[in-house]
Amino acid sequence: MGVFDENLKSKEQDENMIKYVRGHIDGVVCDYIKFEFDENGKEKSKIISSVKTEEAVNFLQQCIENYSNYFSTLGLPVEKMAIDLYTEFFMQQEIANTADDEYKIKGVSPNKFLKDIVYIAPGIEIVSQGQNVSHKISPELESLQNSGFIVNYNELVSRLSELGYELNYQNYEQLLAGQLMQQAATFDIDFALENKKTR
């Protein structure tokens with residue numbers, strides 16, 4: 001192994017030791033970002049090892065199917081389903097530690113976040129017969145919305161696209177920019193269109 005390879009390996013090891021905290025971007029005020037975060041930082045390598053993108057995709061698929069079946073048994077065929085992904089990012093702990101009492105952090109650049117890796121949790125709204133019927137969901141199914149996953153966002157977009165679901169943010173950079181504007185990642189399913197496709 002050459003000196004260059006050794007230096008590269010050493011740099012990767014150093015980067016994997018950097019600690020990040022998970023938190024929710026709650027908007028931008030002047031040159032401050034408001035980032036409400038968990039105090040417990042984790043090393044990059046441990047966060048990466050917790051990524052469960054495929055599990056998240058399977059979970060979302062199962063939710064869509066379970067919700068659709070449940071409302072069908074109530075005689076309320078699902079017309080549309082809107083899925084919001086509550087999102088949290090991973091920020092370098094040393095930057096997060098500069099936050100004031102209101103979680104405002106000054107001068108945060110995008111490279112202070114762990115690139116591509118985010119935590120997501122779904123929120124689901126159901127429309128049947130032109131009305132929002134989400135309040136009719138059973139407690140068991142509603143509790144599924146407390147589930148969350150650490151994912152590689154770009155891989156999540158790709159996998160959901162393969163299944164026919166198009167997220168409003170097509171990559172991590174768009175997601176981060178959108179979250180700074182306090183606009184969630186979402187995708188909608190129009191079951192009327194889905195039914196037409198399968199005829």
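The values are calculated or read from the model by the stated rules, or taken from the named source; none is laboratory data. Predicted model, so just to flag it, every value in this text is computed and none were measured. All Cβ positions, even for glycine, are placed from backbone atoms using ideal geometry, and neighbour counts span all protein chains on display. Note: accessible area is taken over every heavy atom of the protein model, side chains too, but ligands, DNA and RNA are not part of it. Shrake-Rupley method; radii C 1.70, N 1.55, O 1.52, S 1.80 Å.
Go over the candidates 109, 147, 143 one by one and state the one that is surrounded by 13 or more Cβ atoms within 10 Å (Cβ to Cβ) and among the small types (Gly, Ala, Ser). Just a single option satisfies the conditions, and that option is 147.
Output the number of residues of the range 15-32 satisfying the condition of being under 14 Å from residue 90 (Cβ atoms) and either hydrophobic (A, V, I, L, M, F, W, C) or part of a strand (DSSP E or B) (or both).
8
Remark: pairs (first residue in the range 82-99, free of Cβ contacts under 8 Å to residues at least 24 places away in the same chain; second residue open to solvent by 10 Å² or more (accessible area, probe 1.4 Å); Cβ separation under 6 Å; 6+ apart in sequence or on different chains) = 95/112. Going by what's in this entry, would residue 95 be described as among the hydrophobic types (A, V, I, L, M, F, W, C), assigned to a helix (DSSP H, G or I), farther than 15 Å from residue 119 by Cα and open to solvent by 20 Å² or more (accessible area, probe 1.4 Å)? Considered against the rule, which asks whether it is among the hydrophobic types (A, V, I, L, M, F, W, C), assigned to a helix (DSSP H, G or I), farther than 15 Å from residue 119 by Cα and open to solvent by 20 Å² or more (accessible area, probe 1.4 Å), residue 95 comes out as yes. Annotation note: Cβ proximity below 8 Å between a residue of the range 143-161 that is closer than 8 Å to residue 53 by Cβ and a residue that is of a type in the set (Gly, Ala, Ser) and open to solvent by less than 50 Å² (accessible area, probe 1.4 Å) (sequence gap 6+ or interchain) occurs for 149/56; 149/121; 151/56; 156/56.
Any residue at all in the range 165-181 that's within 26 Å of residue 61 (Cβ to Cβ), at pLDDT 95 or above and in contact with a His (Cβ under 6 Å, 6 or more places away or on another chain)? Within the range 165-181, none of the residues are within 26 Å of residue 61 (Cβ to Cβ), at pLDDT 95 or above and in contact with a His (Cβ under 6 Å, 6 or more places away or on another chain).
When restricted to residues that are open to solvent by less than 40 Å² (accessible area, probe 1.4 Å) and either of a type in the set (Ser, Thr, Tyr) or in a strand (DSSP E or B) (or both), the range 112-140 contains 15. The residue that is nearest to residue 141 (Cα to Cα), among those in the range 46-67 that are surrounded by fewer than 17 Cβ atoms within 10 Å (Cβ to Cβ) and over 19 Å from the mean Cα position of the chain (by Cα), is 66.
Restricting attention to the range 156-190, the residues being outside any strand (DSSP E or B) and open to solvent by 40 Å² or more (accessible area, probe 1.4 Å) number 18. Residue count for the range 69-92, restricted to those that are assigned to a helix (DSSP H, G or I) and either modelled with pLDDT of 95 or more or surrounded by fewer than 19 Cβ atoms within 10 Å (Cβ to Cβ) (or both): 4.
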